[in-house]
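Below is one structure; the comments refer to it alone.
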Amino acid sequence: MTTIGTTEGQNPRTLDDIKSFVQKGEWVSIAPELRPFEDRTGTGTVAPFYVSRIFKYLSNDRFEGTIISYGDPFGKMPLVKFVFKGHTHWGKEHPIATGAFEIDYILDEAFEVTPLHEAFAANLNSVPVNGLNPWKAMVMQDIKGKAFPLFGIVEGQIVGDYDLIYILDGMLFMGSKHVDGRGFDKPENRPTNLQIPLVRK
């Protein structure tokens, strides 16, 4: 395991110090990010997924995350906004770097979906879901606890991401997405490497 960087106060290495550090401000993407995404309907297709992220870490181990997906690499065509609200479960050290830790994001408060483009709303409407209205652009619906086949979610399931966290020179790193597009929806799918960092706003 290695530790890089010497910026004073910007490299917390204990769990308590990391928890305190990340609660200061919100964390945003440097630029639109590219990640592989596996079709959750079981086709095995892996496609490029362009996103930007905003994360806020709150007291009492709560968090809020916003991911906007785009139809182009430069973030000029927003397709959908996801807002996640819930709790973090902090775990053991992760072997990728000294001061990296396992962290689970449990979406037990909200999983809000807002189509930002008519074409994406039409895609969501291709698989109707009980308990949800037909999708319309710019209209949010909370899918927490609802069956959602397009995302591979079953009725009553509380979604979680099994991730990692690492701070270097004041930047926040999460786990790099698997090249085969698998999500972090199971502990055995927890990432093994770091992805592009978020910076504090």
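Residue-wise test of (1) part of a helix (DSSP H, G or I); (2) closer than 30 Å to Glu188 by Cβ; (3) of a type in the set (S, T, N, Q).
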| position | (1), (2), (3) |
| --- | --- |
| Ile106 | no, yes, no |
| Glu109 | no, yes, no |
| Ala122 | yes, no, no |
| Pro128 | no, no, no |
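If you take the residues in the range 165-187 that are touching a residue at least 24 places away in the same chain (Cβ under 8 Å) and outside any loop (DSSP other than H, G, I, E, B), which one is farthest from Leu124 (Cα to Cα)? Result: Leu168.
Set side by side, the residues Val159, Val154 differ, and just one is under 20 Å from Val113 (Cα atoms) and either surrounded by 14 or more Cβ atoms within 10 Å (Cβ to Cβ) or at pLDDT 95 or above (or both), which is Val159.
Confirm whether Leu107 is among the aliphatic types (A, V, I, L, M), closer than 21 Å to Gly86 by Cα and surrounded by 17 or more Cβ atoms within 10 Å (Cβ to Cβ). The answer is yes for Leu107. Annotation: Asp61 fulfils all but one of (1) of a type outside the set (A, V, I, L, M, F, W, C); (2) at negative phi; (3) under 19 Å from the mean Cα position of the chain (by Cα); the unmet one is (2).
Taken as a whole, the condition of being in contact (Cβ under 8 Å) with a residue 24 or more places away in the chain, assigned to a strand (DSSP E or B), under 16 Å from the mean Cα position of the chain (by Cα) and closer than 30 Å to Pro128 by Cα applies to Tyr162.
Do we have Gly183 as modelled with pLDDT of 95 or more, within 17 Å of the chain's Cα centre (by Cα), of a type in the set (Gly, Ala, Ser) and surrounded by 14 or more Cβ atoms within 10 Å (Cβ to Cβ) here? So Gly183 fails the test. Within the range 9-68, being in a strand (DSSP E or B), exposed (fewer than 14 other Cβ atoms within 10 Å of the Cβ) and in contact (Cβ under 8 Å) with a residue 60 or more places away in the chain holds for one residue alone: Ala47. Beta carbons closer than 7 Å, at least 6 apart along the sequence or on distinct chains, pair a first residue in the range 86-111 that is free of Cβ contacts under 8 Å to residues at least 40 places away in the same chain and within 15 Å of Phe21 (Cβ to Cβ) with a second that is part of a strand (DSSP E or B) and not aromatic (Phe, Trp, Tyr) for Thr88/Ile103; Thr88/Asp104. Scanning the range 133-144 for residues that are surrounded by fewer than 18 Cβ atoms within 10 Å (Cβ to Cβ) and under 19 Å from the mean Cα position of the chain (by Cα), we see that the one that is farthest from Val80 (Cα to Cα) is Asp142.
Only residues that are among the hydroxyl-bearing types (Ser, Thr, Tyr), at pLDDT 90 or above and over 30 Å from Pro149 (Cα atoms): list them for the range 1-48, please. Hits for the range 1-48 are Thr14, Ser20.
The values are calculated or read from the model by the stated rules, or taken from the named source; none is laboratory data. Because the structure is a prediction, the values reported are computed rather than measured. A quick note on method: Cβ atoms are made from the backbone with ideal geometry, for glycine too, and the neighbour counts reach across all protein chains shown.
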